Amino acid sequence: MTNTFIITICCLLILAYVFDLTASKTKIPSVILLLFLGWGMRQLTEVFHIAVPDLQGLLPILGTIGLIVIVLEGSLELELNRSKFSLIRKSIIVAVIPMMILGFLLAGAFYYYMGHDGDPSTIPDFRKSLIGAIPLCVISSAIAIPSAVNLSKRNKEFVTYESSLSDILGVLFFDFVFRNVTIDFDSFWIFLVQILIIAVISFVATIGLSFLLGKIDHQIKFIPIIILTILIYAISKVYHLPALIFIMLFGLFIGNLDELKRFKLIERFKPQKLDTEVHKFHEILIEGTFLIRALFFLLFGFLINTQELLNTETFFWAIGIVGAIFIIRFVQLKIARLPPMPLMFVAPRGLITILLFLYISEADKISLVNKPLVIQVILLSVFIMMLGLMFNKNKDEAFTGKEASDLGFKHLSRELSGVAHKSKHEVTPENIESMMKDEATEFTERKPEEDESEDNLKRKKNQDSKEDESKEE
């Protein structure tokens, strides 16, 4: 039995790796294939009457570890410099506003339905409705980031920022509503104090972990760092602190050492040596993230019941929720002056939706938000994203007008960066454009002179040849 279990897990993980390799070619998100693979394994166990122990308790454990490593990996890839501030600002706006609007819109719909469903035992509660709505409003970075592999560099970068921020801000929003039975000034004050506490913990822990990362000479050095990161996260959650803030700050710090070298404190860490260690750490983290994500979605697919998947009572709710997700996202992208296509489709629900749903206590659950609804919303959102990315034939789509020109003239931007560094001026797209114009003017002014010099050379050659002929005669 043990060998059979090991062989099955190894084969499933190899298939998950194949799905990940072929995702860029087929444009089918590996998550969909993993879910159906897990569901198919469930059908096989039922057909052959194979006894499988209850694996329900493993789902929140794998999900929590997966959320930590996914957010840490995503934050390591984020760059913090002046050129990224506009992108970060837009990412925060697009992550927060649709989540808030959709959350209160769905909570209002659930509240209204509970008051008019004809069941006198159902007492409408807006707080419970909001707790049930928030998990459906958060974009899953575990699905969005790997699925954006075929997008242009700028759009891929935007998806990474937006989905990572959506995870963190969604968890903060959920924790605030979930932990406070009554929302008043005191609850906001306590929440602000919690954020300040986790900020201090994040600073101390980040400095300590970075010091260990650079100083440990033992052959095993990265696994202890990951374990300590998970430990700090778990302890922070015990005291109801927004622990994902620590994960993101730690990743941003060690991933942006080049931008922080001007601070004297950073010089003590020997940033050049630490950069090498961070690069190795990032490589191990990427592989660990793949393993945890694959196991989580395989297990979730295995736990899906066919009756829940085909539940007609929740299906129309799922269609309405997914429709509202993409409509609100389309409007928000237009307002933010971002290209709706294909970014509109990259709004999948997944790991974070499942985790937040599992965190809801029995006392705070509402009958409308149940497992069949969550499964259907996840599958519909991922399926629509798959179709949208499949029909996105233009791989080099523009992000915005200014940024497209910035991408098209990277070499010019580098030259201008060098000039700006010497002259202490800020590098902007306008400067790049003016430099292009100057170069064009200089070229047009220089062209006649070059033509004239070429004519002079030709004349000189003709004269020399004539002189040679006369000498020969």
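Values in this text are rule-based calculations from the coordinates and carry no lab data. Since the model is a prediction, treat every value here as computed from it, not as a measurement. For neighbour counting, all protein chains shown are included, and Cβ atoms are generated from backbone atoms with ideal geometry for every residue, glycine included.
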What is the range 53-408's relative contact order, in percent, from Cα pairs under 8 angstrom and six or more apart in sequence? 30
Karplus ³J(HN,Hα) for the range 304-317 (6.51 cos²θ - 1.76 cosθ + 1.60, θ = phi - 60°; Hz, whole; x = Gly/Pro) runs 6, 8, 4, 5, 5, 5, 9, 5, 6, 5, 9, 5, 5, 4
Could you tell me whether the range 53-408 comes out rounded, prolate or oblate from its Cα gyration tensor? Rule is a ≥ b ≥ c as square roots of the eigenvalues, rounded for a/c under 1.5, then prolate if a/b exceeds b/c, otherwise oblate. prolate
Could you tell me which of Leu274, Ile245, Phe316 has its Cα farthest along the dipole of the range 53-408 towards the positive end, charges placed at Cβ (Lys, Arg +1; Asp, Glu -1), taken about the Cα centre? Leu274
Percent relative contact order for the range 124-190, counting Cα pairs under 8 Å at least six residues apart, stands at 40
Taking other Cβ within 10 Å of each residue's Cβ, how do Phe281, Phe85, Phe222 sort, fewest first? Phe85, Phe222, Phe281
Under 5 Å between amide H atoms, partner at least 5 residues away or on a different chain: which partners does Gly350 have, H built in plane at 1.01 Å? Ser140
Could you run the Karplus curve 6.51 cos²θ - 1.76 cosθ + 1.60 with θ = phi - 60° over the range 375-381 and give me ³J(HN,Hα) per residue in whole Hz, x for Gly and Pro? 4, 5, 5, 4, 5, 5, 5
Between beta-carbons, use under 13 Å as the cut-off and find the net charge around Gly251, counting Lys and Arg +1, Asp and Glu -1. -4
Around Ile352 (Cβ within 15 Å, Cβ-to-Cβ, excluding Ile352; K/R +1, D/E -1) the net charge comes to -1
What does the charge add up to near Phe281, with Lys and Arg as +1, Asp and Glu as -1, over the other residues with Cβ less than 14 Å from its Cβ? -2
Looking at the square roots a ≥ b ≥ c of the eigenvalues of the Cα gyration tensor of the range 1-139, which shape do they give, rounded for a/c under 1.5, prolate if a/b is larger than b/c, or oblate? oblate
